[in-house]
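**Q** Below is one structure. I have some questions about it.
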Amino acid sequence: MNLQKSLLISQDPQLRQLVEAAAPQISVYSASTVAEGLTHWAEISPLLVISEGTSPTLAPLFEYARQLPSAPPVIVIGDRHSIKNAVEIMRAGAVDYLTKPLLLADLRAAIGRVLGLSPPMTSTAPRDPFSSIVSISPQMNLIKHLAKEVAVTDSTVLITGESGTGKELFAEAIHYSSLRAHGPLVALNCAGIPEQLLESELFGYESGAFTDAKRAKPGRFQMADGGTLFLDEIGEMSPTAQAKLLRVLENRTVDPLGDTQSHKVNIRILAATNEDLLAHIKTGRFRLDLYYRLNVYQLRIPPLHERPEDIEPILLIFLERARTERGCRVRAIAPSALTILRNHTWPGNVRELHNVVEWLTITCKEEVIQPHHLPASVNTHPTASDQRPELKPSLLAFGLSFQEMEKKMLQEALQRASGNVSEASRLLKMTRNTLRYRMTKHHLQ
């Protein structure tokens, strides 16, 4: 389908950029409210509608769609913690429900599913798929060697490790190094989808399978046919879903909701978890038979504190990307600052390191990172000479997105300056116009 027009209803200015990046063939028309969106809908006749909101606020949207002889698919973006809202949204007529923080890969996959575009997460495989995993440590080089060996087989692989170590990168590299590299790689975060919706996401459904199921929807198993299905956070899967997954692993057949026939699928399964599945087996949270089906070959990704020599090359790669994408001036790190980073425990692993770099691209105004530039969360023992009377990231909460960190930094500066924009801009070392622009972007007054 050659999509020409789509409608986006959201007050988040960053979401439009995400939609355009997820599907460049889409021409996006934006609206900040449902009422404004309905006006645009009548004018442009979109082939896709993407909207943020809750079930009550989006009720007029679905009511309008039901009055049309042929309504476009509606994708809703909402709160991952509101299971009730997700269920009500899907019953109202949404074809997909995505949760924040929204990942580009998830949005691209959702748009591809509903519009029949290219399979999600497929691209031309790089010459060495493992080159995207930056490392110089012996531990990681060994893990990459083992992963390359198992990639050329069709075995099921269980990837374990702490959160933020790069398990998804390994799954992608294994797929693109396998004989299935030209097939689809379909990912599903088992922790990111409410239990009531997980079954339909995995197995799909036929038209009329339940109320408001107006069109058939293929499940992730069918979408991955001929390729690889990556099940992330497998330890969060419910017992009911575990039993159905076990059946698929045993006979490679799926039963979509409302379908009277079983469908054969030719897929490879990769699974990942940051939890202790053996401990879950003892408490009854995870099935022993499913564990043996998944744990044909296990790869444990070591945490960052076990391979401190990888910190510098990873940090430099992140800085290079920041210079390319945003033109930041930071180019290197001083040995004394690097020593502090190597002594940090990194509970958030590479993801935490990425957030530190993002923070530094905002706050560091020099080309070389010094100890006093580092956030307090990693620089726990600064020397007296390193102290500076400038804004420190005391509110930094790693795990936040770059936009959320930027907003918190602005809020802290404005609070310290008692709302005085000039004083806040001095603390942040940016011009008043730049500060006002960023305040407007984040709806701050």
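**Q** Determine if the range 333-342 includes at least one residue that is closer than 18 Å to SER135 by Cα, in a helix (DSSP H, G or I) and either polar (S, T, N, Q) or under 22 Å from the mean Cα position of the chain (by Cα) (or both). It would help to see each step written out before you state the result.
**A** First, pick out the residues of the range 333-342 that are closer than 18 Å to SER135 by Cα: 333, 338-339, 341-342.
Of the ones still in play, those that are also in a helix (DSSP H, G or I) are 338-339, 341-342.
Still in the list and also either polar (S, T, N, Q) or under 22 Å from the mean Cα position of the chain (by Cα) (or both): 339.
Yes, because at least one residue in the range 333-342 is closer than 18 Å to SER135 by Cα, in a helix (DSSP H, G or I) and either polar (S, T, N, Q) or under 22 Å from the mean Cα position of the chain (by Cα) (or both).
**Q** Please determine whether any residue of the range 210-222 is in contact with a Ser or Thr (Cβ under 9 Å, 6 or more places away or on another chain), modelled with pLDDT under 80 and either under 18 Å from VAL296 (Cβ atoms) or aromatic (Phe, Trp, Tyr) (or both).
**A** Scanning the range 210-222 turns up at least one residue that is in contact with a Ser or Thr (Cβ under 9 Å, 6 or more places away or on another chain), modelled with pLDDT under 80 and either under 18 Å from VAL296 (Cβ atoms) or aromatic (Phe, Trp, Tyr) (or both).
**Q** Looking at (1) surrounded by 20 or more Cβ atoms within 10 Å (Cβ to Cβ); (2) in contact with a strand residue (DSSP E or B) (Cβ under 9 Å, 6 or more places away or on another chain), find the lone condition where LYS100 falls short.
**A** Of the numbered conditions (1) surrounded by 20 or more Cβ atoms within 10 Å (Cβ to Cβ); (2) in contact with a strand residue (DSSP E or B) (Cβ under 9 Å, 6 or more places away or on another chain), the odd one out for LYS100 is (1).
**Q** Another one. Does VAL254 fit the bill of being of a type in the set (A, V, I, L, M), over 27 Å from LEU103 (Cα atoms) and surrounded by 19 or more Cβ atoms within 10 Å (Cβ to Cβ)?
**A** Numbers: of a type in the set (A, V, I, L, M): yes; over 27 Å from LEU103 (Cα atoms): yes; surrounded by 19 or more Cβ atoms within 10 Å (Cβ to Cβ): yes.
Against the criterion (of a type in the set (A, V, I, L, M), over 27 Å from LEU103 (Cα atoms) and surrounded by 19 or more Cβ atoms within 10 Å (Cβ to Cβ)), VAL254 qualifies.
**Q** OK, next. Can we say ALA243 is at negative phi and touching a residue at least 60 places away in the same chain (Cβ under 8 Å)?
**A** Against the criterion (at negative phi and touching a residue at least 60 places away in the same chain (Cβ under 8 Å)), ALA243 does not qualify.
**Q** Within the range 41-89, can you find the residues that are outside any strand (DSSP E or B) and among the β-branched types (Val, Ile, Thr)?
**A** As a first pass, look at the range 41-89 and keep what is outside any strand (DSSP E or B): 41-48, 53-73, 80-89.
If the condition is that a residue be outside any strand (DSSP E or B) and among the β-branched types (Val, Ile, Thr), then ILE44, THR54, THR57, ILE83, VAL87, ILE89 are the ones that fit.
**Q** Within the range 106-143, track down each residue that is modelled with pLDDT of 80 or more, surrounded by 18 or more Cβ atoms within 10 Å (Cβ to Cβ) and not small (Gly, Ala, Ser).
**A** Passing the criteria: LEU107, ARG108, ILE111, PRO129, PHE130, ILE133, MET140, ILE143.
**Q** Restricted to the range 41-56, and to residues that are under 18 Å from PRO72 (Cβ atoms) and crowded, with 19+ Cβ neighbours inside 10 Å, which residue is modelled with the lowest pLDDT? Before you say what the answer is, go through the steps one by one.
**A** Taking the range 41-56 first, the residues under 18 Å from PRO72 (Cβ atoms) are 41-53.
Next cut, crowded, with 19+ Cβ neighbours inside 10 Å only: 41, 46, 48-53.
Values: TRP41: 91, PRO46: 90, LEU48: 90, VAL49: 93, ILE50: 94, SER51: 93, GLU52: 91, GLY53: 87.
The extreme case among them is GLY53.
The values are calculated or read from the model by the stated rules, or taken from the named source; none is laboratory data. Quick caveat: nothing in here was measured; it's all calculated off a predicted structure. We place every Cβ from the backbone using ideal geometry, glycine too, and count neighbours over all the protein chains shown.
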